[in-house]
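The values are calculated or read from the model by the stated rules, or taken from the named source; none is laboratory data. Please read all numbers here as calculations on a predicted model, not as lab measurements. Because the Cβ atoms are built from the backbone with ideal geometry, glycine has one as well, and the counts that use them run over all protein chains shown. Ligands, DNA and RNA are excluded from the accessible area calculation, which covers all protein heavy atoms including side chains. Shrake-Rupley method; radii C 1.70, N 1.55, O 1.52, S 1.80 Å.
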Amino acid sequence: MSQSSDLPPILELRGIHQTYFDDKKQQDFVVFNDFSLAIEDYTNLGQFVVIMGKSGCGKSTLLRYWSGLQKPTAGEVLISGKPIGDKQSIPMVFQQYSSLEWYTVLENVALPLTLKGVSKKEAHEKAMDMIKVVGLEGHENKFAKTPQLSGGQLQRVAIARSLVANPSMILLDEPFGALDGFTRAKMQFFLLDLFQKSEVADLNPTVVLVTHDPREAVLLGNDIYIMDANPGRVIKHLKPELPNTRDRAIRKDSRFIEIVSYVEDVMEGNIK
Ligand SMILES: Nc1ncnc2c1ncn2[C@@H]1O[C@H](COP(=O)(O)OP(=O)(O)OP(=O)(O)O)[C@@H](O)[C@H]1O
């Protein structure tokens with residue numbers, strides 16, 4: 001991956017302070033104290049950034065800043081060198097299924113376009129294209145809820161919805177956290193294949209994924225940030241030396257196994 005030094009960071013935080021109120025203790029507690037982070041940009045190249053770390057270190061809070069859902073107590077949030085605007089937002093996929101249950105799959109996927117004022121006909125055509133890309137053709141007229149759709153299928157709906165308006169970036173907050181182990185593994189490869197498919201790869205989107213899972217992080221990420229808590233901070237930044245195009249065989253690659261074990265050691269505090 002060649003880095004272009006003249007581009008501003010694609011995502012940046014400067015001097016972030018974040019306090020929340022702890023209802024149980026009836027006092028404020030500090031999540032970030034003067035936290036800064038700059039995620040590099042690469043010319044015309046989609047990148048898969050992974051943020052991992054212990055529960056409570058502030059990973060979801062970071063994504064909420066960049067998605068425009070939350071402002072920090074103090075500090076600056078920037079996207080491609082510009083302060084985030086009030087109307088700006090990056091699509092986000094959550095751990096909990098976030099589709100509108102009273103809408104069909106097609107209506108859910110078309111929603112970002114219809115909200116932008118795109119005609120229903122055009123929005124549905126584009127949504128149908130994206131439904132095919134995520135492998136849900138035939139399910140478009142079902143309501144987006146269980147048991148009509150499985151957990152994995154519902155997350156595909158959310159991913160299709162986040163991609164339908166061709167965003168330059170998407171944020172995934174533990175998107176497979178609610179799935180069983182088998183479905184989770186299947187969805188990891190689904191995501192890997194999806195971002196290598198020309199329909200998506202040609203858009204060069206930057207994906208930011210929050211996960212607890214070291215194998216998921218190394219399988220998908222080409223830029224990995226490992227955080228710790230109290231206060232939230234990055235303790236390791238690594239760029240796995242693995243091919244950018246990956247497939248199932250990579251799980252048996254000795255380099256892959258070694259990097260996963262390294263990430264586990266950092267997470268467990270065995271490597272500083
Ligand atoms: N709105 C809120 N009010 C009070 N406390 C909050 C709020 N949002 C987050 N927190 C707390 O702030 C800390 C950081 O939360 P955040 O969800 O960003 O962490 P995380 O690293 O994503 O955790 P997890 O991996 O468990 O999802 C946690 O202790 C959480 O309980």
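Can you say what percent of the DSSP beta bridges in the chain, counting only those with both residues inside, are antiparallel? Round to 5.
55 percent
Would you give the gap between the C-alpha center of region 223-262 and the C-alpha center of region 50-104, rounded to a whole Å?
Here the two parts' Cα centres lie 22 Å apart.
Find how much the distance from Asp193 to Tyr20 grows on full extension, using 0.36 nm per residue of separation minus their present alpha carbon separation; answer in nm with one decimal.
Using 0.36 nm per residue and subtracting the Cα-Cα distance, I get 58.4 nm.
Filter Lys121/Lys186; Lys116/Lys145; Lys186/Lys272; Lys145/Lys239; Lys82/Lys120 down to the pairs with a C-alpha to C-alpha distance above 29 Å, please.
Lys121/Lys186; Lys186/Lys272; Lys145/Lys239; Lys82/Lys120
Springs between alpha-carbon pairs under 10 angstrom, Gaussian network model over the chain: which of Leu154, Leu209, Leu242 fluctuates most?
Comparing Leu154, Leu209, Leu242 in a Gaussian network model of the chain, the most mobile one is Leu242.
With a cut-off of 8 Å between alpha carbons and a minimum separation of six or more residues, what is the relative contact order of the chain in percent? Walk me through the numbers on the way to the answer.
Numbers: 490 pairs, mean separation 63.5, N = 272.
Computed over the chain, the figure is 23 percent.
Specify the residue with the greatest mean-square fluctuation among Gly58, Gly117, Gly232, computed from a Gaussian network of the chain linking alpha-carbon atoms under 10 Å apart.
Gly117
With charges only on Cβ, +1 for K and R and -1 for D and E, what is the dipole size of region 105-202 about its Cα centre, in debye, rounded to 20?
In total the dipole reaches around 200 debye.
In region 222-272, what percent of the accessible surface is made up of carbon and sulfur (1.4 Å probe, ligands and nucleic acids excluded)?
47 percent
Between the helical axis of 120-133 and the dominant principal axis of the chain, each derived from Cα atoms, what acute angle in degrees is found, rounded to the nearest 10?
Approximately 70 degrees, to the nearest 10.
Could you give the angle, 0 to 90 degrees to the nearest 10, between helix 254-268's Cα long axis and the longest principal axis of the Cα atoms of the chain?
60 degrees
Looking at the chain, identify the longest residue range that excludes and avoids all GluC sites (Glu not before Pro) in DSSP loops having at most 16 other Cβ atoms within 10 Å.
138-240
Under 10 Å, Cα contacts only: if you run a Gaussian network model on the chain, which one of Gln96, Gln148, Gln47 comes out with the highest mean-square fluctuation?
Looking only at Gln96, Gln148, Gln47, the biggest GNM fluctuation is shown by Gln148.
Counting only protein heavy atoms and using a 1.4 Å probe, what share of the accessible area of region 9-127 belongs to carbon plus sulfur, as a whole percent?
Solvent-exposed carbon and sulfur of region 9-127 make up 51 percent of the total.
For region 43-131, run through the chymotrypsin sites (Phe, Trp or Tyr not before Pro) and keep only the ones in DSSP coil with at most 10 other Cβ atoms within 10 Å of their Cβ.
Listed in order of number, the matching sites are Trp102.
Measuring with a 1.4 Å probe in the full set of protein chains, what accessible area per residue, in whole Å², belongs to the chain?
With the other protein chains kept in place, the chain gives 49 Å² per residue.
Using a simple charge model, +1 on the beta-carbon of Lys and Arg, -1 on the beta-carbon of Asp and Glu, nothing else, what dipole does the chain show about its Cα centre, in debye to the nearest 20?
Taking the Cα centre of the chain as origin, the dipole is about 380 debye.
What is the antiparallel percent of DSSP beta bridges lying wholly in region 104-252, to the nearest 5?
The antiparallel fraction comes to roughly 55 percent.
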